[in-house]
Every structure is written in C-alpha cells, then in structure tokens.
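K.L.:
Structure incoming, see below.
FYI, it's all coordinate maths here, none of it is from the lab. Treat the numbers as computed from the prediction; the structure is a model and nothing was measured. Neighbour counts are summed over all protein chains in view; Cβ atoms, including those assigned to glycine, are modelled from backbone coordinates with ideal geometry.
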Amino acid sequence: MTKSELIKYSANEVKTNKTLFAHYITLYTEEKGIPPNCASCSFSNVFNNWKLKTKTMKTKEEVKNTFLLKNSEFLVRVPYTNEVLSKNSSDKLALQFLNGDKGKYRTEREKYFLKLPIEKKTKKKK
C-alpha cells in the first residue's frame with residue numbers, strides 16, 4: 001500500500017484496522033527513520049499531521065507555472081478574487097490578473113513579467 005492510498009483513511013480507521021495500522025507504521029518509519037509514537041492518546045494527532053504534510057507537499061508539487069515575474073518578491077491582489085499573485089501561483093491566476101477588467105490594463109500588467117504565462121487554447125465545438 002502506498003502513502004497516497006493510506007491517507008484516504010481517517011485516523012480512527014487506521015487505528016482500528018490491523019493491516020492499515022501495520023502499513024502506517026512501515027511507511028512512517030521509512031519516511032522519518034523512527035517509528036511513530038503510537039500511544040492511543042496521541043495517535044490521531046500524529047497521524048493527522050503526517051497526513052496533512054503529505055497533502056501539502058502534493059499541492060506544492062502540482063503548481064507548475066510557465067511565467068516568470070521580474071521581481072520574485074512581487075505580490076499583488078488579483079481583481080475580483082480573494083487570491084494573491086506570487087511567483088508560486090498557477091498560470092490560471094496569472095492569466096486572471098493579466099486579463100482582468102476585460103483586458104483594459106493588460107499592457108500595464110505585462111510589465112511585471114519577464115516571461116508571460118502560456119494561454120491554453122480551448123477547442124471550439126462545431
């Protein structure tokens with residue numbers, strides 16, 4: 001069983017199922033180098049933290065952008081969203097920033113980029 005399969009289960013399910021629990025001990029020990037503290041009072045916290053770190057690492061790896069900002073410390077709020085554009089943002093968010101306000105300020109906003117994000121072309125249905 002892989003880690004991504006195991007984190008689909010809740011802490012209670014892993015704790016009560018001997019097979020899942022054995023997989024958890026093996027995977028945790030391989031990753032951390034020491035077995036987890038499996039005392040019944042702390043198991044849920046340890047397991048949920050381990051699970052959360054795995055999910056966080058996946059989301060960071062998934063964000064691959066094609067744009068490059070002139071200033072790597074640049075942060076700006078994207079109009080009409082609650083999101084902030086940074087060097088780690090997705091291409092979709094960068095395009096929202098560029099094309100926001102119906103493209104009215106696109107030329108001004110392009111000045112913040114060394115390399116513009118690639119716009120994915122959608123196929124038109126006939």
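K.L.:
Taking only C-alpha pairs under 8 Å that are 6+ residues apart, what is the relative contact order of the stretch 68-115 in percent?
P.N.:
The normalised contact order for the stretch 68-115 reaches 40 percent.
K.L.:
Now for a different question. In vacuum, with every alpha carbon of the stretch 68-115 counted as one equal point scatterer, what does the Debye formula give for log10 I(q)/I(0) at q = 0.14, 0.18, 0.21 Å⁻¹? Two decimals, please.
P.N.:
Each listed q maps to, in turn, -0.28, -0.47, -0.65.
K.L.:
What do you get for the angle between helix 18-32 and the principal long axis of the chain? Use alpha-carbon atoms, 0 to 90 degrees, nearest ten.
P.N.:
The helix 18-32 is inclined about 60 degrees to the chain.
K.L.:
Please report, in whole Å, how far the alpha carbons of the chain spread along each principal axis, starting with the longest.
P.N.:
Cα spread of the chain along its principal axes, largest to smallest: 60, 43, 24 Å.
K.L.:
Compare the Cα positions of GLN96, TYR80, LEU114 along the charge dipole of the stretch 68-115 (+1 at Cβ of Lys, Arg; -1 at Cβ of Asp, Glu; about the Cα centre) and return the one farthest towards the positive end.
P.N.:
Positive-end residue among those listed: LEU114.
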